[in-house]
């Protein structure tokens, strides 16, 4: 089993993800400079957080049009796993791998804080080690993390169980008061049609060990590993 973490100019969470995978979860992981493309047959590809291309035009817009993203799209179309975290989520949306967009926060400032999330889908390859309704703690760090989609898209996501996380309070209550960026329906994690691509704004790699303040994010990576092992 081998994971690949794509590094763009401006990525700043790439090595954090590599550490979480290789040291915390003990899985072979490559750090891939985007110009090198995907030269290996990876079981999963992760697009980390940061500010690819300085977030010029729109966050993730330029990175989404690089050659390596053609490889990532093919990887996803083959049914393999892709996880986009923060800037990675923005890149996935710009690439059309997930619906909707992650755009400027309702209050247009950078937000960096711990938040609570409620698990809405626990049967995906990314969340099988959680329980329905679990409340987890992960940090966010973004200026363009507000999830927006047309009403029909939101309806389809809800109908097909493709919403993974919603911002909530520590008791699991989903309200506007605990929505840090104005995201539609408090949504902060969505799946692709085939459920093998997840775009999420919170950072699981920054919550993968208790010494960081929470180990709740570790189960994202462990769920992926377990899914791949079972599939093989």
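Within the set of pairs 6+ apart or on separate chains, which have a first residue in the range 217-231 that is farther than 16 Å from residue 28 by Cβ, a second that is in a helix (DSSP H, G or I), and C-beta atoms under 6 Å apart?
So the pair list comes out as 217/207.
Checking the structure you have, find out if any residue of the range 1-17 is in contact with a strand residue (DSSP E or B) (Cβ under 6 Å, 6 or more places away or on another chain) and part of a helix (DSSP H, G or I). Give the derivation first.
Within the range 1-17, the subset in contact with a strand residue (DSSP E or B) (Cβ under 6 Å, 6 or more places away or on another chain) is 2-7, 10-14, 17.
Subset that is part of a helix (DSSP H, G or I): 14, 17.
Scanning the range 1-17, I find at least one residue that is in contact with a strand residue (DSSP E or B) (Cβ under 6 Å, 6 or more places away or on another chain) and part of a helix (DSSP H, G or I), so the answer is yes.
If you take just the strands (runs of 3 or more DSSP E) that sit entirely in the range 40-128, which of them hold at least 1 residues that are more than 23 Å from residue 217 (Cβ to Cβ)?
On the way: elements: 44-47, 81-85, 101-103, 111-119.
The qualifying strands (runs of 3 or more DSSP E) are 101-103.
Report every pair of residues separated by at least 6 positions or lying on different chains whose Cβ atoms are under 7 Å apart, first residue within the range 151-174 and at positive phi, second surrounded by 14 or more Cβ atoms within 10 Å (Cβ to Cβ) and in a loop (DSSP other than H, G, I, E, B).
161/121
Given the conditions (1) more than 14 Å from residue 87 (Cα to Cα); (2) over 16 Å from the mean Cα position of the chain (by Cα); (3) part of a helix (DSSP H, G or I), and given that residue 29 satisfies all but one, which numbered condition is not satisfied?
Of everything listed in (1) more than 14 Å from residue 87 (Cα to Cα); (2) over 16 Å from the mean Cα position of the chain (by Cα); (3) part of a helix (DSSP H, G or I), residue 29 misses just condition (3).
Within the range 180-194, restricting attention to residues that are free of Cβ contacts under 8 Å to residues at least 40 places away in the same chain and not in a helix (DSSP H, G or I), which residue is farthest from residue 143 (Cα to Cα)?
193
Any idea how many residues of the range 208-218 are out of contact with any strand residue (DSSP E or B) (no Cβ under 8 Å at 6 or more places or on another chain) and either surrounded by 20 or more Cβ atoms within 10 Å (Cβ to Cβ) or closer than 16 Å to residue 165 by Cβ (or both)?
Filtering the range 208-218 for residues out of contact with any strand residue (DSSP E or B) (no Cβ under 8 Å at 6 or more places or on another chain) gives 208-212.
Keeping just the survivors that are either surrounded by 20 or more Cβ atoms within 10 Å (Cβ to Cβ) or closer than 16 Å to residue 165 by Cβ (or both) gives 208.
So the count comes out to 1.
Bear in mind these aren't lab numbers, they're just calculated from the coordinates by the rules spelled out. For clarity, every value in this text was computed on a predicted model and none was experimentally measured. Positions of Cβ are backbone-derived with ideal geometry, glycine not excepted, and every protein chain shown enters the neighbour counts.
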